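To keep things clear, I will list the structure first and then write my remarks on it.
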Amino acid sequence: MDIKNKLSKLKLNKRRIIVLIVLAIICLLILIGIINLFKVIFSKEKSIGNLSNLGLVIDDGNVIFYNKYEDGIVKIKGKDEYQITDETAYSMNIVDDTIYYLTLSNANTLDLKSVKTNGDAPTKIKTLSTPISKFYIENGYAYYVTSQEIFGISKLSLETGEEKLITATNVQDFVVQDGMIYYTDNVGFLYSINVDGKELKTLSKEFNVKKIQLLKKWIYFYNDKENCLSKIKIDGSKVKLVTTFITNETYNITNKNIYYFDEVNNQICVTNLKGKKSKPVVSLKSNRTKINIANGILYYLDDSKNESSIYQMYRVKTNGKATNSIEY
């Protein structure tokens with residue numbers, strides 16, 4: 001009887017241990033889920049789509065740099081502002097302590113330039129023949145659309161100045177990320193190719209794809225055929241409707257929200273990534289704009305108060321409350 005009782009107790013203890021282990025695993029998973037949820041809630045809002053909105057604002061996590069439109073790049077540190085260039089800057093990219101940007105030259109071409117974040121060492125890198133005022137920098141190369149001899153996507157070594165055509169095609173928009181290029185052509189088809197010009201893949205020929213932005217494993221795009229914002233997996237395997245609120249190409253994705261231009265009511269609005277609810281942030285006078293986000297501030301273009309220029313930059317908190325105005 002003693003042996004039977006001992007075996008029975010041993011089995012019972014094993015069951016208890018198994019139950020305790022399962023409960024511990026469940027509690028650990030719940031704790032990880034809560035931690036990840038808090039990370040999402042309290043993480044900084046980071047823009048994905050500034051480069052798709054002329055790249056007029058960029059930040060390094062602490063300091064903001066914005067293009068004061070025709071007056072040049074301004075650096076914001078605390079409550080103070082410092083002007084570090086005196087020319088219009090488009091498509092700003094920041095790498096370590098260097099800002100790369102495009103600016104209009106005297107010959108009406110676009111120059112690729114760089115400047116240190118303190119305003120030192122302004123440098124002209126190359127004059128580009130490009131129809132798209134946007135470029136990306138990754139692993140020491142600048143990627144841009146060229147129309148110099150053959151229309152297509154090129155890469156330029158920032159170290160050697162060597163230029164190489166990656167693919168010859170009519171490109172309407174493109175994004176470079178993690179060694180891959182995603183682009184749409186003049187027909188509205190969507191493709192991907194790696195930065196070495198290999199692994200060309202057709203992702204979609206079903207939609208008129210315009211103005212693409214990449215968030216995690218999804219390519220967001222303005223669906224000109226359906227007049228809405230849609231998204232497609234980066235491998236082309238799945239397509240989803242995001243929202244019907246967006247009815248034009250001007251939008252900016254962040255890791256938390258989507259900001260877009262409501263052209264019917266002339267205002268910039270915000271909706272969450274599910275695209276279910278929308279609210280206005282700021283009203284505009286102009287019927288065109290560009291939307292840039294940095295550190296909880298929305299920078300946008302509106303009618304200029306100066307007769308010598310068409311647009312100027314304005315800013316407002318992303319919750320619609322006023323912040324320090326931009327003085328011209």
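Table for the structure above
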read-out	value
Filtered residue count, segment 54-78, keeping only those that are hydrophobic (A, V, I, L, M, F, W, C), part of a loop (DSSP other than H, G, I, E, B) and either over 12 Å from ALA294 (Cβ atoms) or at pLDDT below 95 (or both)	2
Strands (runs of 3 or more DSSP E) enclosed by segment 214-295 - at least 2 residues per element that are among the basic types (Lys, Arg)	228-233
Positions within segment 185-200 being more than 15 Å from TYR136 (Cβ to Cβ) and surrounded by 14 or more Cβ atoms within 10 Å (Cβ to Cβ), in sequence order	ASP185, GLY188, PHE189, LEU190, TYR191, GLY197
Residue within segment 117-126 that is of a type in the set (Asp, Glu), surrounded by fewer than 20 Cβ atoms within 10 Å (Cβ to Cβ) and touching a strand residue (DSSP E or B) at 6+ places or on another chain (Cβ under 7 Å) present	no
Evaluation of PHE174 against (1) touching an Asp or Glu at 6+ places or on another chain (Cβ under 9 Å); (2) in a strand (DSSP E or B); (3) surrounded by 18 or more Cβ atoms within 10 Å (Cβ to Cβ) (one fails), failing number	(1)
First in segment 304-317 and over 12 Å from ASP71 (Cβ atoms), second anywhere and part of a loop (DSSP other than H, G, I, E, B) and of a type in the set (A, V, I, L, M), Cβ under 7 Å, 6 or more apart	TYR314/ILE326; ARG315/ILE326; VAL316/ALA322
Leading residue by the ranking (nearest to LEU215 (Cα to Cα)) among those in segment 135-151 that are at pLDDT below 95 and surrounded by 14 or more Cβ atoms within 10 Å (Cβ to Cβ)	THR146
Enumeration of residues in segment 141-166 that are assigned to a strand (DSSP E or B), small (Gly, Ala, Ser) and more than 13 Å from SER129 (Cα to Cα)	ALA142, SER157
Pairs where the first residue, in segment 44-65, is on the phi > 0 side of the Ramachandran plot and the second is surrounded by 19 or more Cβ atoms within 10 Å (Cβ to Cβ) and of a type in the set (Lys, Arg), C-beta under 6 Å, 6+ apart	LEU54/LYS290
Residue in segment 134-149 that is among the polar types (S, T, N, Q) and in contact with a Pro (Cβ under 7 Å, 6 or more places away or on another chain) present	yes
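Conditions (1) crowded, with 19+ Cβ neighbours inside 10 Å; (2) of a type outside the set (S, T, N, Q); (3) under 30 Å from ASP60 (Cβ atoms), marked per residue:
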position	(1), (2), (3)
GLU249	no, yes, yes
LYS256	no, yes, yes
ASN272	no, no, yes
VAL281	yes, yes, yes
TYR300	yes, yes, yes
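The values are calculated or read from the model by the stated rules, or taken from the named source; none is laboratory data. Computed from a prediction, not measured in an experiment: that's the story for all the values here. Because the Cβ atoms are built from the backbone with ideal geometry, glycine has one as well, and the counts that use them run over all protein chains shown.
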